[in-house]
1. How would you rank B:290-303, B:47-60, highest first, on the average number of other Cβ atoms within 10 Å across their residues?
2. Calculate the length of the line joining the C-alpha centroid of the stretch B:258-310 to that of the stretch C:65-144, in whole Å.
3. What is the mean number of Cβ atoms from other protein chains located within 10 Å of the Cβ atom of each residue in peptide C:118-130, rounded to a whole number?
4. May I ask you to evaluate 6.51 cos²θ - 1.76 cosθ + 1.60, the Karplus curve with θ = phi - 60°, for each residue of the stretch B:64-76 and list the ³J(HN,Hα) values in order in whole Hz, giving x for glycine and proline?
5. Tell me which residues come under 5 Å, amide H to amide H, from C:Gly163 once H is placed; ignore anything under 5 positions away on its chain.
6. Just tell me which lysines come within less than 30 Å, Cα to Cα, of B:Lys181; anything on the same chain fewer than 8 places away is out.
7. Nearest 10 degrees, 0 to 90: what angle lies between the long axis of helix B:113-125 and the longest principal axis of chain B (Cα atoms)?
8. At a probe of 1.4 Å, how much accessible area disappears from chains B and C on forming the pair, both sides counted, to the nearest 100 Å²?
Amino acid sequence: MSRAKDVRHPGLRLGEGHPDVAADAEEMNFGFWVFLMSDAIVFALLFATYARMVSSVAGGLGPEALFDLKSITIETAALLASSFTFGMASLALKYARSPRPLVKWLCVTLLLAAVFLGFELHDFAHMIAMGAGPSRSGFASAFFALVPLHGLHVLAGCVWAIALMAQIAIHGIDKEVKLGVQRLGLFWHFLDIVWVVIFTVVYLGGLA
Amino acid sequence: MTLHHLLLGRLDLHALPFWTMIEHPTHETIVNGTITTAAAGLEVLAAIVVIALVTRAGKWRYLWSEWLTSVDHKRIGIMYIALSFVMMSRALIEAALMRTQQAFGLGGGFLSPEHFGELFSTHGTIMIFFMAMPFLTGVINFAMPLQIGTRDVSFPVMNSVSLGLTTAGAMMIVISLALGKFSTGGWSGYPPFTEAAFNAGVGPDYWIWAVTLSSLGTMMSGINFAVTIYKRRAPGMTFMRMPLFTWTALCTAILMIFAMPPLTVATAMLALDRYLDFHFFTNGSGGNMMNYANLFWLFGHPEVYILILPAFGVYSEIFSTFSGKLLYGYTSLVLATMAIAVISFAVWLHHFFTMGQNASVNAAFGIATMLVGIPTGVKIYDWILTMFRGRVRFTVPIVYGLGFMMLFVLGGLSGILLANPTLDYQVHNTLFLVAHFHNMLIPGLLFGMLAAYHYWFPKAFGFRLDERWGMISAVSWIVGFMLAFFPLYVIGAMGFPRRTVAYFDPVYRPWMLIALAGAAVVLVALASLFVQLFVSIRRREALAVPAGDPWDGSNLEWAIAAPAPEYNFSVIPDVSDRNPFMIAKQKGDAYQTPAEFQDITMPKNSPLGMALAVAGGALAFGLVWHIWWLVALSCLGVLVAIVGQGFARDCEKVIPAAEVRRQHEAWLRTVAASRAVPRDLEGEPANTGLAARDRFSQAAE
Amino acid sequence: MPTFRRRPHIGRRAIGTGLLAALALSAGSGPAAAEGLSFLDPQGPVAAAQRDHFYAVILLMLVVVVPVLIFTPLVAWRYRYRNHGARYAPDWKFSWPLEALIWGVPVAVVVVLSVWIWQETHDLDPYAPLAADKSLRVEVIGYDWKWLFVYPDLHIATMGVLGFPSDRSLDIRLTSASVMQSFFIPALGSQIYAMAGMRTKLHLKANRPGTFLGENTQYNGKGFHDQKFRARAMTARGFTDWVKQVRAKGVPLDAKAYDVVRAKGGLTDVRRAVAGGSMPPGTVYFTDVSADLLANVMHQFNGGASSSEVIVSERSPANDTALRSDAGHAASATGEPPAREE
Amino acid sequence: MSGGKKAVGAGTLVRRLAILVVAALLPAMFARRRTGTRSLAGSTGSHGRPEDEQAEYRRELGSYVRGVSLAFVLTAIPFALVHWSMLSHGWLLVAIGVLALVQVVVHFRFFLHIDPPNQHTDDLMLILFTSLILIAMAGGTTWILTDLAARMH
């Protein structure tokens, strides 16, 4: 393939040390980007809906009574850190000679994601306990569609990471694993961006 | 919770179409029960017959390994179109039933209001999601990779998954005929009517999951097509050398990628409302149904152009081909296509002008809507100018094309009327609107797809379709359409609301009778299509075009044998121009043996598409009937299938160069043995797919 | 306030002759056809302006449409394969003058149309009052499957018929007590959605006395096709008489009657339940109607009253009696149905 | 506009601080371009030499570190602003909105490696087109529903 030399796709570029993936990465990563952009539209519409419904509390509690900035801070820190540790995993894929650093960084990332998900679940439980479960009002519905959907994405990313580690165990770091880690990287960093918008629009915007 | 609920959820004997009739035998229940039971019976019978026939022929293995698990874009395309034909048959029969009801609907008619509600809801849902979308997805799947000179789409397995999900969605509608009732909320499913508070039954759930499955499949198709066109064009095929159909496929794909998410969001929110007591669109508790209208049409309007654009591409191909002439205004057409695609994202509000927003908002969206008319008008004139100073052959596709142009401008006229908020306030929700969108979609989409079917059929199967029956069908479609829908403009302007089962003013009746006659003619058109297929298969020897170029085509898809080999191209062609095959023919470079053949790597078959079709279908069925163990099980199935796919290795097979050479040389021998036919023998048995260079001048560009 | 403009266009009328002829043809075929059905036979200023705009747009669009209808068959036939006399230019594919024409003409047409849209949409905004005259306030509430017309200043309500004087414009507020509906009197003008918990507005006027078709155009279930009413424009005198009639024959809209109104069913069901035998066929008349009914119905979806509390009125009974005697009617003359006594 | 008045004095101070911080961060982001192009030249010409690979690794590591530091700073500021209500309500919304936008750009640049000069136009066009559609859809939704809400009382 003549275009193999000219791979300048976004995300981690594995470079010439990994000639086996070069040709496929171009197409695969672009396809995954397209998917992410489609997903971005989903989130955008949920944000617009949330912005419209934030005042539809139907006599129930609103954002300022429900959100706990401390918990959000921990979640945010965990997720931002996980983006960095995933970056380390990407670099390990690119430069390391053995699978060990890659798996190690993936595990750290998973740990941070677990912290994030744990605190998020705690937040949700808190809201439901305060009588602001999703069926309480339009606002609660919009919240519980938007934020948990992001959480579900993170969870899916975790499942994917575990599946990739299992693949490494069986097949070693082959072409499919490399492509998978690259795409999971895009996914992970994309989710970080969505979270930035969530903590801005939902939490900080609600508490401001 | 009883054992019955645990095992079958809310599925019980009342779900059977004849149960109410037995329990409460009244005139109404018996008439409607009999019709539904007969329809469901026919469906079940058809399924049994098909299963029996396949079993008797011992073709299960063949069906599984050659078709159902195939990841070949051509076969997937063909299966999409087959699905589309099946679903079209049902939806057309439903349409005829509705026309009959309305023709006799003065003061009552024979259908119950609920039955009528189901009919217009399934008709609309099927026609949009399971007739039109599969048809155009199938045509793009089949033709686009051939046109850009590649061996398959970018993600062949995902392509098969798309087909699987679409089929699973269609199955939901098929099943709804035999078990339970479908939604009566129309194809747009507006809440709060479709909320649990007003429709607690399974109907809206059937609709939600059928549409959701289809929209997921469509989004994946969109990604697949866009990436394929971006990354897999043959060397030298720059964007401005792409055939017009490929251009429209690209724009359609982009629309699919960005227009499906709003639909998924809208149906998901409606599902959350219904299943988990959320309040997105409910009356009260902070729900806001206006957001549904907003989200649905954020999808719905680009959807209209998803439907129309590929047909525009097809018309561009056939007007050029059957006029024996270059396409007029290629750049113009490309720009117009892109303009339509972009503007289509900025007009959605015109579907709810009457909701109460202020005049400036309405006027802004009205003007944006009319802007779409400009590139569309340009296209029509480009096609007329393509025929100008050409040599027009009145083949079946051209007849569809001419019918399209004459009828489509009338639909465009009524569209401009509707784009005026002032006038929309008068004709919104009336049969005028119904006449308008059928006027756009039947000539605009369906004629285009049928023309494409006729045009590319020889490439798929190696023989042409019978011209005579094709002509009968085309003329019946055109006449039937006019009879069926022009009266609706009149009735609509007389304030007749759409979705009305009965009326009390005799003034409408004469027009309804004309429309009924039109529906009958359309049924003749449908029957002719099936007769045409049957006759063509019978006459396949006489209609065979193994040399591969029955219409004197100019794009790459005609440069290979018919039917196209699995790998499409023995050697990926180098493109240095628009109309590469026509130029090759003019230079005498067509039908060459390449200097060397190479091994070809092709993706292996994959059962993932079928697995997800089954799991997705079971998930939807479980959700509809509240069979929670089935929901859990199928979720697990989906998860296992997707994660498992990641572990699959060795997914490619190699076709040795020697085999490629053998097939290529066999084809060249066929070409050498073929008699080149001039265009006036195009419809005769003499046409074996080799075009004589009788009337063309020299170089094209 | 934008006052109502009506621009006479001689040409516009002529174009629609075909459609109108078709309408007239069918109009003769039934007794009910005497009712105003269509804006093409307008009975009020809004519908008349819409008809004019309709024809104007068609006329302008013909600039683009007619050439297609002429040239498509002409070109296809002139350049048919067997016509060896026609010129053949297989490589001809572009011409700047033609390009300018096929882009230029639609652009010009759309520019003109856009100006029209902007003007007409603002002029005919259903929220904008029609004229400075004293309009009649009517509040419309959509139920499954009938409309309730509340006259908040008169404390009456009707079903099946919307009566109003033709010399005053109608100031309509709408809401729904059920799913979304669309209120429409084609011969008078625009339709608009009625939605639960929300209030939309509409202004209409009739030119002269007459009876026109009124309906819901948004599908809302099995009684949808039956959700029709008559819009009756009357003389000022006729309207006063009609209001007296309503008061005389109507039944109070109390909690029990309201339960009937909000239950799923058609007009006939309501008539049967409130024993409206003395009322004219196809109508139900209510008296003692709270002026806050529409607000209460809306409120009920915005975290307010339960549906049974909707009809609670803030008016004192004394006030009510005063109004009744104003109209010259004794309460005993209303012919109260026995069902109300319980 | 809750509690706007009392925070004004401190608010202006913090606002100026925030602007300073952002202004200081922006050049740091775009300074990467130079090293970016250098690395491209390096990697095409000198593949395989361990010392080059080491340098390349350090460069990329530096990029991630820079990215995550920026992300933390850009997160800490709005959290602090909100927690101590340091600006009036309106300014607060503007500030956290702008900071979020900057942070989104940071993520695209340092984690997703979108850097225009070294980019396929395909990907950039995709993102820009998506942004366009996204703004049309979300903006349009907000516009329409706000207008409707205002006219429904």
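1. Ranked by mean Cβ neighbours within 10 Å, highest first: B:290-303, B:47-60.
2. 30
3. Whole-number average of other-chain Cβ neighbours for C:118-130 is 5.
4. Per residue, the Karplus-derived 3J(HN,Hα) values read 5, 7, 9, 10, 4, 9, 5, 10, 5, 4, 5, 5, 4 Hz.
5. Long-range HN contacts for C:Gly163: C:Arg232.
6. Straight-line reach from B:Lys181, under 30 Å: C:Lys146, C:Lys222, C:Lys228, C:Lys264.
7. 30
8. 8600
The values are calculated or read from the model by the stated rules, or taken from the named source; none is laboratory data. Quick caveat, the model's predicted, so the values are computed rather than measured. Cβ sites come from the backbone with ideal geometry, for glycine too, and all protein chains shown count toward neighbours. Calculation scope for accessible area: heavy atoms of the full protein, side chains included, ligands and nucleic acids excluded. Shrake-Rupley method; radii C 1.70, N 1.55, O 1.52, S 1.80 Å.
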